[in-house]
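Please read the structure below before turning to the comments.
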Amino acid sequence: MLLILIAVHLLSRDTIAVPLPHPPDARATPDSCNDNSRTLFSVVWGCLVTIFACTWVSVHPNVPPPKQSHLQLFWRRLKMMLIAMIAPEIMVGFAARQRLGAHELSKEFRFSTTHGMFFSMGGFVSSDGHPIATRKQLEDPDLGPEFQKAIRNVNEEDIKDRSKGDALSKGVVLLQGSWFILQCLARVHYHLTVTQLEVATLAFAVVNVFIWLLWWNKPLDVQRSIVVGPPTQPDAETETLPVQLPRLARFFVAMWGGYEGDYKPLSSVSVPSFWSIELDGSNHNGASILLCLVGTVFGTIHCAAWNAIFPTPAEMWIWRTSSLVIIAVPGLTIVLSLLAKIDWLKSTPAVILVLEILIYIAARIILIVLPFAELRSLPASAFVDVNWSTYIPHI
């Protein structure tokens, strides 16, 4: 990020404003707002800070395997952050599944929401180090009742104490995101140019509001689990291995859940990165619908720059096409997933899904790279700041 800022700073020395194709609003003319202007560096800095803060704090990883180095923990979280930046809808679906799963656990086993979240993220382990993270373990006639009682006896404050974030830190980032959204709305009200980078950042800020709310009760960056239940002897014949799934299967698991019989807690020391308990039919459909709705909102916000000023017509059409792609893909994925359950249609949707994923990734990369390319040539009103004093009641 520092290298990007240095490059933008050097570039901003020679940046020129593109002539507006039509006379801007009187309040948006640079001449009338000489004392209320902003630089290219400040625009980029504000966007990068908002994206980094929103994404870094919104990502709540599951409890990692024990004895991992600081570098491994950092890389694990960085990978989730990159996924959240390329496809934030995946994080929304993941957060929704864990939130709804915690709600189901609270009704079925009388856990608090915090206990349910900690359970879903692999925070409870047995004395032999295996995660307690499935309904099957809680419903086991021998150990299930003891696990349930032991989990309920864990103090909720002890769980929250393991979190590296609190309501204040999340609230500060939420405030930063809300402030950025307010700035963009004010620029639209003043008929000032909102750069494509700001539009992309606005989309991130809006989507991250959903993630924060869904994960509000989930402890942040927990690195150690809590041992619960009766003492047990480790099984020498049990081989402890991580969950091994094909890359494509892991992608769909991240989006829709559904490890089903692929995850064996007694053969592992942690839950998968995108693990959440299996939901009942209504909650599973609710999480999928929310994922698609948020994906549609994310793409629609990018379409807000449909009639923006682009350096070339080709870049304008690339932006428009990519925005439409990320609107259409989430809904189309659900349709194809349903068709894949029909025996005689299984092969066709699978091929289309792979192509769809590749097209979606390409569109997301374009919508990340293109806003930076647009910075080489911006309209004059892009450098005019909002005059906030006009919003203050005065005589």
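The values are calculated or read from the model by the stated rules, or taken from the named source; none is laboratory data. Treat the numbers as computed from the prediction; the structure is a model and nothing was measured. Counting neighbours? That spans all protein chains shown, and the Cβs are built from the backbone with ideal geometry, glycine included.
What number goes with the only condition from (1) part of a loop (DSSP other than H, G, I, E, B); (2) farther than 30 Å from W319 by Cβ that S169 does not pass?
Result: S169 passes all but (1).
Filter region 117-147 down to the residues that are farther than 18 Å from V59 by Cβ, part of a helix (DSSP H, G or I), in contact (Cβ under 8 Å) with a residue 60 or more places away in the chain and not aromatic (F, W, Y) and list them by number.
Applying the first criterion (farther than 18 Å from V59 by Cβ) to region 117-147 yields 119, 124-147.
Those still in the list that are part of a helix (DSSP H, G or I) too: 119, 135-138, 144-147.
Then keep just the ones that are in contact (Cβ under 8 Å) with a residue 60 or more places away in the chain; that gives 119, 135, 137, 146-147.
Across region 117-147, the qualifying residues are R135, Q137, E146.
Condition check: surrounded by fewer than 22 Cβ atoms within 10 Å (Cβ to Cβ), not basic (K, R) and not in a helix (DSSP H, G or I). Does D158 satisfy that?
No; evaluated as a whole, the condition is false for this residue.
Could you check region 194-215 and list, in sequence order, the residues that are in a helix (DSSP H, G or I) and either without any contact (Cβ under 8 Å) to a residue 60 or more places away in the chain or of a type in the set (S, T, N, Q) (or both)? Lay out the reasoning, then the answer.
Pass one, region 194-215, residues in a helix (DSSP H, G or I): 196-214.
Once the filter is applied, which keeps residues that are in a helix (DSSP H, G or I) and either without any contact (Cβ under 8 Å) to a residue 60 or more places away in the chain or of a type in the set (S, T, N, Q) (or both), region 194-215 yields Q196, T201, N208, V209, L213.
What is the one condition in (1) at pLDDT 85 or above; (2) closer than 29 Å to L293 by Cβ; (3) of a type in the set (V, I, T) that T39 does not satisfy?
All conditions pass for T39, except number (2).
Here's a check for you: in region 338-375, which residue that is more than 29 Å from the chain's Cα centre (by Cα) and surrounded by 12 or more Cβ atoms within 10 Å (Cβ to Cβ) is modelled with the highest pLDDT?
If we take residues in region 338-375 being more than 29 Å from the chain's Cα centre (by Cα) and surrounded by 12 or more Cβ atoms within 10 Å (Cβ to Cβ), then T348 is modelled with the highest pLDDT.
Look at T321 and say whether it is over 21 Å from the mean Cα position of the chain (by Cα), at pLDDT 85 or above and surrounded by fewer than 19 Cβ atoms within 10 Å (Cβ to Cβ).
yes
Of the residues that make up region 104-126, is at least one at pLDDT 85 or above, charged (D, E, K, R) and either crowded, with 23+ Cβ neighbours inside 10 Å or in contact with an Asp or Glu (Cβ under 6 Å, 6 or more places away or on another chain) (or both)?
Checked against the condition, which is being at pLDDT 85 or above, charged (D, E, K, R) and either crowded, with 23+ Cβ neighbours inside 10 Å or in contact with an Asp or Glu (Cβ under 6 Å, 6 or more places away or on another chain) (or both), region 104-126 yields no hits at all.
Quick check on this structure: which one of K79, K67 is more than 23 Å from L213 (Cα to Cα) and of a type in the set (K, R)? Outline the logic, then answer.
On the way: K79 fails: more than 23 Å from L213 (Cα to Cα).
It is K67.
Go through region 210-267 residue by residue and tally those that are under 30 Å from V329 (Cβ atoms), β-branched (V, I, T) and at pLDDT 70 or above.
Summing the residues that are under 30 Å from V329 (Cβ atoms), β-branched (V, I, T) and at pLDDT 70 or above in region 210-267 gives 1.
What pairs come up if the first residue lies in region 78-100 and is closer than 17 Å to A362 by Cβ, the second is of a type in the set (G, A, S) and crowded, with 24+ Cβ neighbours inside 10 Å, and their beta carbons are under 7 Å apart, counting only those six or more places apart or on different chains?
Going by the 7 Å Cβ cut-off, the qualifying pairs are E89/G295.
Which number in (1) buried (at least 21 other Cβ atoms within 10 Å of the Cβ); (2) closer than 21 Å to F298 by Cα marks the one condition that V188 misses?
(1)
For D31, state whether it is under 30 Å from V172 (Cα atoms), modelled with pLDDT under 80 and of a type in the set (D, E).
Criteria not met by D31.
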